[in-house]
Amino acid sequence: MTTHPAPHRRLLLTGLFLALAGTLLLLDRPDDRPRTAATAQPALPAPVADRAAESPPAPATTTSVQPPARTTAPRKATPAPRTPAAEPEAVPSGLPVSGDGPGGDYAIQRLLDRTTPADLPPVLERRLVALATRIWIAETTGTGRETWPAYFTSTELRAPYRDVRVQAAIARRADDRDDQVLVRLVWAGAGALGDFQDGRPAQVRLVLHHNEWGPIR
C-alpha cells in the first residue's frame with residue numbers, strides 16, 4: 001500500500017523548489033552580477049561648460065553712466081583797452097603840421113629847446129632872441145633895416161614877405177666864443193605870390209662889439 005506525504009509537506013517542498021529555481025535564474029543574468037571595486041568607475045563631474053549651461057545666467061545689473069559734470073571754464077580777463085600812446089614829438093627837421101598857426105608855436109619852441117643844451121643865462125638869451133627877431137623881420141619885410149645899415153647894405157627888398165611871424169627861437173654860443181652867438185629861428189610868412197608857409201628855418205649871427213650886440217654876416 002502506497003503512502004502519500006502530508007499536504008503541508010508537499011507545499012513546503014514545492015516552495016523550496018521554486019526558490020531554488022529563482023536563485024539559479026538570477027545567477028545566470030550578467031547584468032545582475034555584483035560589480036567589484038576594480039570594475040566600478042566613479043561618476044565624473046559634469047564639464048564646466050555643461051554646468052555653466054545648466055546654471056541659470058546671473059541677472060544683468062544695469063549701471064547708469066552719468067555724463068561728466070560740466071566745468072565752466074574761467075573766462076579770460078578782457079585786456080584793458082589800450083590807450084593810444086602819445087606821439088613822439090617831432091625834431092626840428094619834422095616840425096608840426098603846417099597850418100597850426102600860433103597855437104603850434106609853443107610845441108616848436110619846446111623842440112628847439114631840446115636840440116642843444118642852453119649855454120647862456122636865461123635873461124641874456126631872451127634879449128638876444130628878441131634882437132634877432134627884429135633883425136629877421138627887417139630881413140624879410142624890409143621894415144627897420146635902417147637900424148642896422150652896416151648889416152643891410154640895401155634898404156630895398158624886391159620881394160618882401162607879409163605877415164611874418166617868428167614862431168620859435170633859441171640862442172647858443174657860436175664856436176664856444178663868449179662874444180658871438182648864433183640865434184636859430186623858425187618863422188612863418190606869406191610870399192610875394194600870397195602863398196603862406198610856416199616852419200621855415202633861419203639863423204642870425206650876433207657879435208658883441210663895444211658892449212653892444214649887433215648882427216654880422
For region 160-172, in order, what is each residue's ³J(HN,Hα) by Karplus, 6.51 cos²θ - 1.76 cosθ + 1.60 with θ = phi - 60°, in whole Hz (x at glycine and Pro)?
-> x, 8, 10, 6, 6, 9, 7, 7, 6, 6, 9, 10, 9
Rg/Rg_globular for region 142-187, with Rg_globular taken as 2.2 N^0.38 Å and Rg from C-alpha atoms | 1.46
May I have the pair-distance distribution P(r) for region 101-216, computed from all Cα-Cα distances with 5 Å bins from 0 and rounded to whole percent?
-> 2, 12, 21, 23, 19, 14, 8, 2, 0
Among Ala174, Ile108, Pro149, which residue has its Cα positioned farthest towards the positive end of the charge dipole of region 101-216, with +1 placed on the Cβ of Lys and Arg, -1 on the Cβ of Asp and Glu, and the dipole taken about the Cα centre?
-> Ile108
Amide H to amide H under 5 Å from Gln167: which residues, 5+ apart in sequence or cross-chain, H placed 1.01 Å off N in plane?
-> Val186, Trp187, Ala188
Given H placed on each backbone N at 1.01 Å, which residues far from Thr143 in sequence or on other chains put an amide H within less than 5 Å of it?
-> none
Neighbourhood charge, 9 Å Cβ-Cβ cut-off, centred on Ala190 and excluding it, Lys, Arg +1 and Asp, Glu -1 | -1
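Any read-out appearing in this document is the output of simple, stated calculations on the displayed coordinates, not a laboratory observation. The shown structure was predicted, so the numbers you read here are calculated from the model rather than taken from an experiment. Using ideal geometry, Cβ is built from the backbone for each residue, glycine included, and neighbour counts are taken over all protein chains shown.
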